[in-house]
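The values are calculated or read from the model by the stated rules, or taken from the named source; none is laboratory data. Worth saying up front: this structure is predicted, and the values here are computed from it rather than measured. A quick note on method: Cβ atoms are made from the backbone with ideal geometry, for glycine too, and the neighbour counts reach across all protein chains shown. For the accessible areas, the whole protein counts, side chains as well, though only heavy atoms, and no ligand, DNA or RNA atoms are used. Shrake-Rupley method; radii C 1.70, N 1.55, O 1.52, S 1.80 Å.
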Amino acid sequence: MGSLLLKLGEVIKDEYKLQKGVQKKVKSFSAELDVMRAALGKVADVPWDQLDEQVNLWAADVRELSYYMEDVVDSFLMRVEGCGSDANQARFKKLMANMANQFKKGKARHEISTAINEIHKRLQDVTRRHERYNLANLPAATRTTVDPFLEVLYGDKKNIIGLDKARDDIIKKITEGDLVSKAQLKILSIVGFGGLGKTTLAREVYETLPTKFDYKAFVSVSRNQDMHKVLSNLLFKLDKKRHASLNAANLDVEQLIIVVRELLSKKRYFIIIDDLWNKVAWTTIRYALIDGGCGSIIITTTRLLDVSEICCSSKDDMIHQMKPLSYHDSHKLFYGRIFSSEVCPSGFEQVSREILKKCAGVPLAIISLASYLANNQRANQIDQWYVLLNSIGHGLQNGDDHVKKMKRILSLSYYDLSPYLKTCLLYLSIFPEDHQISRDELISIWICGGFIQVKDETASLLELGESYFNELVNRNMIMPINIHADGRVEACCVHDIMLDLIFELASGENFVTILDVIKGGTPLAKKFCRLDIQKSMTDLTNAQMATTSMTKVRSFSIFSPAITKRIPPLSIFQFLGVLDLEGCDLQGVDLRHVENLLLLRHLGLRGTKVGNLPKEIGKLQLLQTLDLHWTNSTELPSSVFQLGNLMCLILDSNMQLPKGFCNLTCLEQLKGDGVGHFSADSAEELGRLDRLR
């Protein structure tokens, strides 16, 4: 919706000479879309299964309407801007071409006027339903039937495996020291990915620590915290009689803080604050936890690294980073839940190893999938195990209550994201399991896909994209890999179980379509926005592909070299903004039609062996990223220097920069083995690229 509103602002500029009535309508429904955008933000904060079906349908209508509107606007801009004549035409041909262009532009304006009238009618209908469904009274995002952490706090301990060492390490950290240090308040924060067992570990420490305290309490905060409820619960856990005598329900937050401070003054306490989600919640709770110099202990648990760092702001405070279970402990937990023993039946060893590999040592995933198999009446049939294995990463189908509970717990992290980060995270569903995702490539695609929301026009899109990436790392939504000594992350990957959740959310909103999982014979009626091929196109026929609305596809990615011959002709992708063919063997493939993709912003040809680019590449005036690494390209066409919006240029290993590259005035990132070999002239050109980072 954000990128659409920006484009609507472009359309009504005077240079496009729209009729005054049409301009007025565009301004009117831009304002209406702003209202809808706010309503969609509220809808997006509530898990889809808690929303009324009518609200879900309304949100889907708005989404489809926004896609349609963007198609109309892009079609207009493409026809008006893309009608320019070639620089080498003779003077007479230029004159004739310009006359034809003016006619085409006039025709385009007439057509967009008709389309905008149609949009106006559809928008009025959606607006009426918006009012009818009363979206102001959406359910609170905190509504759940059962708190998922209650089982951890009060259930039995049969699933606690592999935490002994971590528990003992934490107890040692918070109890060791001399008399002076033992009298100081100690704060330790447990941080890690959802489902790693942070709450379970905290409970183990809470129940095992032998030291005596005047007061003990274990309090959960949750994502959409009510601070009055949290502080009231803390007071109840510390002193039930005082909670009742003061009628805590009638006290405000400040009064509750004062009461708790008075209670803990000059007392030794051990308090665990579980499931923290933001700094404000911690700051409020911390006001109540007075340091009386009595050797008190506070432990917090959180999924967010920056929250744990705020909790542990003192030099004596400690952060404990959760680690996945070892394979041995994963094995014990998995088989113990299914077979009540550590022995795997003959013939099931290989498939169980592959399932455990996908769980990657996350106890919640292991327990949930083991419980699913244990409750399946056909669990003794190996084909059911392979059905489960092949579902992971593509939306676990027909999951039982254990799988649903796992997804509900993991989804808390998703629903806590801001709208722009949700969009960026959903895009990760295009990548195959265990794929190492380049940070720079990912940020480039986010930018070219319109996912980076710029508030300040002077801000660098790349720097803003880096902040998005770092926030997802800090929230433990993606796993950093290839970390440099200075802490800079080169790449990331997504845990298979998290990828499964992302895939389900993305496909449910028609955000990404992965052709691998569509079976032959399935009608491909819906419009695809972003298409992805990861391993194979199964048995989809050319006839099925022909019926698909490829013209509306915004992003097309392929991750398998084996299916290059099945790539649809580029000429059918009228609205394509991202084309990523990394790793495909394109030797002998003709890329001449690529110059017709006038809306293309990202062209990823890394590892394709495609050879030299066609000279017409300079027609892609909106192109922002061009990746030519490992393409067997030996020279860069001079027409590349006509790409006035190019931000990122990655050259093949033997490519030199020809004269004229200083025309790439928007360039922020320049990579290539031969880039450093400069003559005096090229060094002077480099000095003109004042945006280079």
Of everything in the range 224-257 that's touching a strand residue (DSSP E or B) at 6+ places or on another chain (Cβ under 8 Å) and under 26 Å from S308 (Cβ atoms), which residue is surrounded by the most Cβ atoms within 10 Å (Cβ to Cβ)? L234
Please tell me if K27 is at pLDDT 70 or above and over 27 Å from the mean Cα position of the chain (by Cα). yes
Kindly evaluate E309 against the criterion of being acidic (D, E), out of contact with any Lys or Arg (no Cβ under 6 Å at 6 or more places or on another chain) and more than 28 Å from K172 (Cβ to Cβ). no
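With V219, V260 as the choices, which residue is open to solvent by less than 30 Å² (accessible area, probe 1.4 Å), part of a helix (DSSP H, G or I), closer than 24 Å to N278 by Cα and of a type in the set (A, V, I, L, M, F, W, C)? Before you say what the answer is, go through the steps one by one.
On the way: V219 fails: part of a helix (DSSP H, G or I).
One residue alone meets the criteria, V260.
So is I430 within 17 Å of R554 (Cβ to Cβ), buried (at least 19 other Cβ atoms within 10 Å of the Cβ) and touching a Leu at 6+ places or on another chain (Cβ under 7 Å) or not?
Answer is no for this residue.
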What number of residues within the range 611-635 satisfy the criterion of being in a loop (DSSP other than H, G, I, E, B) and either more than 31 Å from the chain's Cα centre (by Cα) or under 20 Å from F661 (Cβ atoms) (or both)? 16
Out of all the residues in the range 355-364, is one or more open to solvent by 70 Å² or more (accessible area, probe 1.4 Å), touching a helix residue (DSSP H, G or I) at 6+ places or on another chain (Cβ under 9 Å), at pLDDT 85 or above and not assigned by the TED database to the domain that holds I497? yes
Only one of (1) in a helix (DSSP H, G or I); (2) on the phi > 0 side of the Ramachandran plot fails for G293. Which number is that? (1)
When you scan the range 407-425, do you find a residue that is surrounded by fewer than 15 Cβ atoms within 10 Å (Cβ to Cβ), over 15 Å from A365 (Cα atoms) and at pLDDT below 75, even just one? no
Do we find that I445 is part of a loop (DSSP other than H, G, I, E, B), modelled with pLDDT of 80 or more and crowded, with 19+ Cβ neighbours inside 10 Å in this structure? no
Tally up the residues in the range 310-324 that are under 20 Å from N470 (Cβ atoms) and free of Cβ contacts under 8 Å to residues at least 24 places away in the same chain, please. 1
Quick one: in the range 325-346, of everything that is at pLDDT 85 or above and not in a helix (DSSP H, G or I), which residue is least open to solvent (accessible area, probe 1.4 Å)? L325
Free of Cβ contacts under 8 Å to residues at least 40 places away in the same chain and among the hydrophobic types (A, V, I, L, M, F, W, C): which single residue out of I190, I257, I273 fits that description? I257
Could you please tell me which pairs satisfy a Cβ distance under 9 Å, a separation of 6+ or placement on different chains, a first residue in the range 481-501 that is more than 23 Å from G195 (Cβ to Cβ) and open to solvent by 50 Å² or more (accessible area, probe 1.4 Å), and a second residue that is part of a strand (DSSP E or B) and among the hydrophobic types (A, V, I, L, M, F, W, C)? N482/V489; N482/A491; N482/C492; E490/I481; E490/I483
Any pair with Cβ under 6 angstrom, 6 or more apart, that starts in the range 47-60 at a residue that is open to solvent by less than 80 Å² (accessible area, probe 1.4 Å) and modelled with pLDDT of 75 or more and ends at one that is assigned to a helix (DSSP H, G or I) and among the basic types (K, R): W58/R129
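So, I452, is that one outside the structural domain of L651 (by the TED database), β-branched (V, I, T), surrounded by 15 or more Cβ atoms within 10 Å (Cβ to Cβ) and free of Cβ contacts under 8 Å to residues at least 60 places away in the same chain or not?
yes
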Whether any residue in the range 611-629 is touching a Pro at 6+ places or on another chain (Cβ under 6 Å) and open to solvent by 40 Å² or more (accessible area, probe 1.4 Å) is what I want to check. yes
Restricting the range 264-296 to residues that are surrounded by fewer than 16 Cβ atoms within 10 Å (Cβ to Cβ) and touching a Cys at 6+ places or on another chain (Cβ under 8 Å), the one nearest to L235 (Cα to Cα) turns out to be K267
Identity of the residue in the range 3-19, in a helix (DSSP H, G or I) and modelled with pLDDT under 70, that ends up nearest to M69 (Cα to Cα): V11
The number of residues in the range 637-659 that are open to solvent by 10 Å² or more (accessible area, probe 1.4 Å), over 17 Å from L581 (Cβ atoms) and either at pLDDT 85 or above or in the same structural domain as D440 (by the TED database) (or both) is 8
List pairs: first residue in the range 387-408 and assigned to a helix (DSSP H, G or I), second residue at pLDDT 70 or above and surrounded by fewer than 17 Cβ atoms within 10 Å (Cβ to Cβ) anywhere in the structure, Cβ distance under 7 angstrom, at least six positions apart or on different chains. L389/E354
